[in-house]
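No value in this document is a laboratory result; all are computed from the given coordinates. Quick caveat: nothing in here was measured; it's all calculated off a predicted structure. Every residue, glycine as well, gets a Cβ built from its backbone with ideal geometry; the counts of neighbours run over all protein chains shown.
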């Protein structure tokens with residue numbers, strides 16, 4: 001069984017998405033594990049990693065999500081494993097996967113140094129499991145060249161089984177394929193398995209994620225949060241100004257507004273907003289809630305002020321959900337077109 005570790009220098013480069021896309025583009029049976037979790041979920045007295053749960057569901061793996069991850073907190077893992085017991089635990093899991101799978105993808109944590117103090121960084125895991133290390137990069141041409149140079153002199157020369165990189169979420173494909181970048185790659189001798197262009201549809205936030213990340217309380221239509229949000233507006237101005245700017249005529253919109261702005265809330269409901277985030281912990285009148293519920297428009301109540309909520313949403317990185325079949329297919333097509341899958345998996 002081939003073993004690959006997907007690692008990254010920074011968070012949110014698409015390691016989990018790439019695993020799903022590869023599974024859709026090969027006949028090989030892919031297994032997955034994420035030793036150090038970084039997106040903890042808790043239910044029914046069980047802890048698991050969000051990405052592991054997504055992969056388990058998408059790849060229809062028999063192993064439970066909580067068994068794909070050794071833990072989350074450094075303080076606990078530090079006393080649970082030393083180098084010997086960690087290697088033994090990892091190899092036991094790998095032996096189980098070997099029985100029914102052709103490829104095992106081990107996802108490193110958020111960034112390259114995460115877990116280093118407990119022996120669970122991506123580099124250390126690569127040595128412990130004797131897996132091939134593939135690093136996912138994103139950014140502009142200058143960033144990519146900096147990171148490739150860093151990899152050459154700080155990773156390749158450490159003796160880890162480094163195989164190459166995949167460039168993902170690339171905005172300017174011409175720039176990244178310029179003579180300067182190509183010469184740098186050739187000079188460094190680093191294998192590039194693929195260059196995947198940026199696709200805006202993959203970065204669209206789901207209302208469900210916004211609700212979860214804000215820890216918002218749904219006042220109505222809580223089962224209608226699986227909607228993509230493409231336009232986000234703050235209802236801080238007068239209704240006349242809002243109508244003049246035609247904000248409410250946009251589709252797939254989310255309004256962030258204080259719960260006492262009944263005029264804006266009613267107008268948003270009438271123009272079929274995808275959802276409304278109510279700030280300042282102010283609940284609107286019951287008739288407004290009933291109207292929103294009738295039209296399947298979630299009203300999400302938060303304690304924080306409008307500015308703070310808007311700032312949090314602006315910083316959110318779109319996560320994949322089990323219902324995101326459209327996004328899965330879009331990215332799978334991009335990977336098929338732009339990545340040498342055969343070279344990567346064989």
Viscosity 0.692 mPa s, temperature 37 °C: Stokes-Einstein D of the stretch 205-315 from its Kirkwood Cα radius, in µm² per second? 245 µm²/s
Please report the orientation-averaged projected area of the stretch 143-229, defined via the convex hull of its C-alpha atoms, in nm². 8.4 nm²
Specify the angular offset, from 0 to 90 degrees and rounded to the nearest 10, of the alpha carbon long axis of helix 141-154 from the longest principal axis of the alpha carbons in the chain. 40 degrees
GNM top mover of 151, 264, 288 - the chain, alpha-carbon springs below 10 Å: 288
Of 120, 80, 68, which has the largest mean-square fluctuation in a 10 Å C-alpha GNM of the chain? 80
Match the structure shown to one of the listed values [x] 65, 52, 37; [y] 92, 52, 39; [z] 59, 46, 39 of Cα extents along the principal axes in Å, computed from it, and give that label. [x]
Enter the Cα centre distance for the pair the stretch 70-97 and the stretch 265-325, rounded to the nearest angstrom. 41 Å
Estimated inter-spin distance, residue 325 and residue 272, nm [label 7 Å along Cα→Cβ]: 2.3 nm
Taking only Cα atoms, what is the 0 to 90° angle, nearest 10, from helix 179-188's long axis to the longest principal axis of the chain? 40 degrees
Roughly what angle does helix 83-98 make with the longest principal axis of the chain, taking Cα atoms, 0 to 90 degrees, to the nearest 10? 80 degrees
Alpha-carbon centroids, the stretch 1-35 and the stretch 165-202: separation in whole Å: 19 Å
Report the residue, chosen from 251, 24, 333, that carries the largest GNM mean-square fluctuation when the chain is represented by alpha-carbon nodes joined by springs under 10 Å. 251
Restricting to DSSP H runs of at least four residues, report the calculated mean residue ellipticity at 222 nm for the chain, -39500 (n - 2.57) per run over all residues, nearest 500 deg cm²/dmol. -11000 deg cm²/dmol
